[in-house]
């Protein structure tokens, strides 16, 4: 017996199963949990002090007031100086941009050398690098401070850039090396036969293929350096204090009224850049990490 | 004829493992040399040493009269084609071809002239502006060959260039590589594990195993007179049939259990002593159906039709072996046939040393 209608065996399976519902519930709960502080920060920054004192933390503002934002930006006091966060933004940019460029470039060269120019002791060197990734910053702060003051760059812009470059090196070397190890080695051999030397091959062959992993590295470094507080506080010096340090000084103010709305506005201002970087480049970040993971 | 490439007493170790041991190899000018062997035999390592991509531990490499042992790959007059094509993914075909020339600061007009010539020869002219990702496997390999062409390489090195292609394309490109060799007359060294490629392309084949060249000879010689059991087993598809038995010197024959095969027609290079364990090898096409009186009767156990040929499987004293018959033969499973071994074309090996007798 052959019927003309070809039927699938049984009804089509439903997409929304109990497991799915549980999964969504879990995801939504997680999202709410992590979004709650952001919500509180935003609404608090839009309330005036009377409302903050009387009202509930979670209530939306009865009447919007924006004065906390300009105040956080240019008037809030950090110690005796009342210039707000503004100088910190410039400082953070002055620290972050060169630190990211220098550390990512060096990390890429390190990874390239370790992946392709397998010199004697390369594995040992790589192991040492990996080990460096697991040493807590705090252990190295004092020795580094001594070294930097000995060579006279402590408490200066080059000083803090050097520190960020050093601390970025293990993880950057690691991710670049793993990415480059996933590229076919024949490509490198072909380039050597074609007459490229160490730097020519790096610039003409390797860099054009490095976009996905470079994006990952840049995101890591931008957010890491921007969010850094400890190193900026110790190494940057008075004139170059990054936004995070100024934010701390605003929030930790010891006299007068504690203005929660200004604190909140200042905190949001400080975290806008890393937040934006994640939101805008999250897709690339995942893609870059996955590219390394699948082949590496 | 001069030697184009000379490898002298080359040794290469990887950690504590000896990959190549004291290897000598002379390749004549314009010769197509195939390095053939199973994976791990050191053939690719040897090619990489010749290319200068690996630093050897001992020995000497001379290319076109130059001692290039410690020279950079670019200074060795070589071009290399890789299994994975190794085209620079960010560059167009044209840029891929010209990369080497640009690295050596060749003037623009000479570059475009050379690219014109190479792309004409390889029929990739219309692909010049494409990226490698927009090419098929066969086209990619053509571009890779072109990259070696534009560099005016004296010696072409091929590292399993066809292994990533499907069977039909492989045959096509094999033909084109052979044609290229005929037209250019360059020395070519070609690494493969595919014996058909080796047989069809080579002037001479070096069969390698564990870092040692087992036999270096013309394809015909290697096929007909393999110097060792390994070579005999490795070359030929369907493979050579082997029977383990003893040599009986009294009537100059091969004894397997109760059966005797007379070896009067076999030309021994070294005659074994009585009762030596020997291996009798014979190719499927050297066995024929025959009604003569020295033929033996067998029952067909399996039939493999392959189009042009048909392979039938029989058993001799419990050792299965295959016979190659014409594709048109119409035997059925269970049929009884009389066959005859062509002793003159068989190969006999010492069981212990595995060398040809």
* Given the conditions (1) part of a helix (DSSP H, G or I); (2) within 14 Å of chain B (Cβ to nearest Cβ); (3) within 29 Å of residue A:287 (Cα to Cα); (4) free of Cβ contacts under 8 Å to residues at least 24 places away in the same chain, report the number of the one that residue A:125 does not fulfil. => (2)
* **Residues (more than 7 Å from chain A (Cβ to nearest Cβ) and modelled with pLDDT under 90) located in the range B:84-104** => B:85
* To do: Confirm whether residue B:119 is on the phi < 0 side of the Ramachandran plot and either away from chain A (no Cβ under 14 Å) or not in a helix (DSSP H, G or I) (or both).
  => yes
* Structure fact -> Every listed condition ((1) on the phi > 0 side of the Ramachandran plot; (2) out of contact with any helix residue (DSSP H, G or I) (no Cβ under 9 Å at 6 or more places or on another chain)) holds for residue B:167 save (1)
* Is there any pair linking a residue in the range B:47-72 that is surrounded by fewer than 18 Cβ atoms within 10 Å (Cβ to Cβ) to one that is part of a loop (DSSP other than H, G, I, E, B), with Cβ under 6 Å and at least six apart or on different chains, and which? -> B:60/B:69; B:64/B:77; B:64/B:154
* To do: Might you let me know whether the range A:168-184 holds any residue that is within 14 Å of residue B:53 (Cβ to Cβ) and out of contact with any helix residue (DSSP H, G or I) (no Cβ under 6 Å at 6 or more places or on another chain)?
  => yes
* For the range B:27-69, name all the residues that are in contact with a helix residue (DSSP H, G or I) (Cβ under 6 Å, 6 or more places away or on another chain), within 20 Å of residue B:231 (Cβ to Cβ) and within 13 Å of chain A (Cβ to nearest Cβ). => none
* Which condition number does residue A:33 fail, the rest of (1) in a helix (DSSP H, G or I); (2) surrounded by 10 or more Cβ atoms within 10 Å (Cβ to Cβ); (3) free of Cβ contacts under 8 Å to residues at least 40 places away in the same chain being met? -> (2)
* Asked: Of everything in the range A:153-167 that's part of a loop (DSSP other than H, G, I, E, B) and touching a helix residue (DSSP H, G or I) at 6+ places or on another chain (Cβ under 6 Å), which residue is farthest from the other protein chains (Cβ to nearest Cβ)?
  -> A:154
* Asked: Residue check: is residue B:87 assigned to a loop (DSSP other than H, G, I, E, B) and farther than 30 Å from residue B:233 by Cβ?
  -> yes
* **Condition met for residue A:190 (more than 13 Å from every other protein chain (Cβ to nearest Cβ), more than 24 Å from residue A:93 (Cα to Cα) and either over 23 Å from the mean Cα position of the chain (by Cα) or assigned to a loop (DSSP other than H, G, I, E, B) (or both))** => no
* Would you check if residue B:110 is farther than 22 Å from residue A:202 by Cβ and at the interface with another protein chain (Cβ under 7 Å from one of its Cβ atoms)? => no
* Residue match in the range A:49-68 (condition: surrounded by fewer than 18 Cβ atoms within 10 Å (Cβ to Cβ) and within 23 Å of the chain's Cα centre (by Cα)) -> no
* Just a yes or no: is a residue in the range A:231-240 part of a helix (DSSP H, G or I), under 27 Å from residue A:91 (Cβ atoms), at pLDDT 90 or above and within 14 Å of chain B (Cβ to nearest Cβ)? -> no
* Asked: When you go through A:246, A:279 one by one, which is the residue that is farther than 17 Å from residue A:41 by Cα, in a helix (DSSP H, G or I) and touching a helix residue (DSSP H, G or I) at 6+ places or on another chain (Cβ under 6 Å)?
  -> A:246
* Within the range A:5-30, track down each residue that is surrounded by 10 or more Cβ atoms within 10 Å (Cβ to Cβ) and assigned to a loop (DSSP other than H, G, I, E, B). => A:17
* Tell me which residues, restricted to the range A:50-71, are over 19 Å from residue A:37 (Cα atoms) and part of a helix (DSSP H, G or I). => A:50, A:54, A:70, A:71
* Does the range B:144-159 contain any residue that is in contact with a helix residue (DSSP H, G or I) (Cβ under 9 Å, 6 or more places away or on another chain), more than 16 Å from residue B:79 (Cβ to Cβ) and surrounded by 20 or more Cβ atoms within 10 Å (Cβ to Cβ)? -> no
* So which residues in the range A:148-165 are surrounded by fewer than 16 Cβ atoms within 10 Å (Cβ to Cβ) and either more than 21 Å from residue A:106 (Cα to Cα) or within 16 Å of the chain's Cα centre (by Cα) (or both)? -> A:149, A:150, A:151, A:152
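Residues are listed down the side, and each one gets a yes or a no for (1) in contact with a helix residue (DSSP H, G or I) (Cβ under 8 Å, 6 or more places away or on another chain); (2) within 21 Å of residue A:270 (Cα to Cα):
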| residue | (1), (2) |
| --- | --- |
| A:21 | no, no |
| A:31 | no, no |
| A:59 | yes, no |
| A:79 | yes, yes |
* Please work out if residue B:228 is surrounded by 12 or more Cβ atoms within 10 Å (Cβ to Cβ), more than 20 Å from residue B:323 (Cβ to Cβ) and at pLDDT 90 or above. => yes
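The values are calculated or read from the model by the stated rules, or taken from the named source; none is laboratory data. Keep in mind it's a predicted model, so treat the numbers as computed, not measured. When we count neighbours, we look across all protein chains shown, and the Cβ atoms used for this are built from the backbone with ideal geometry, even at glycine.
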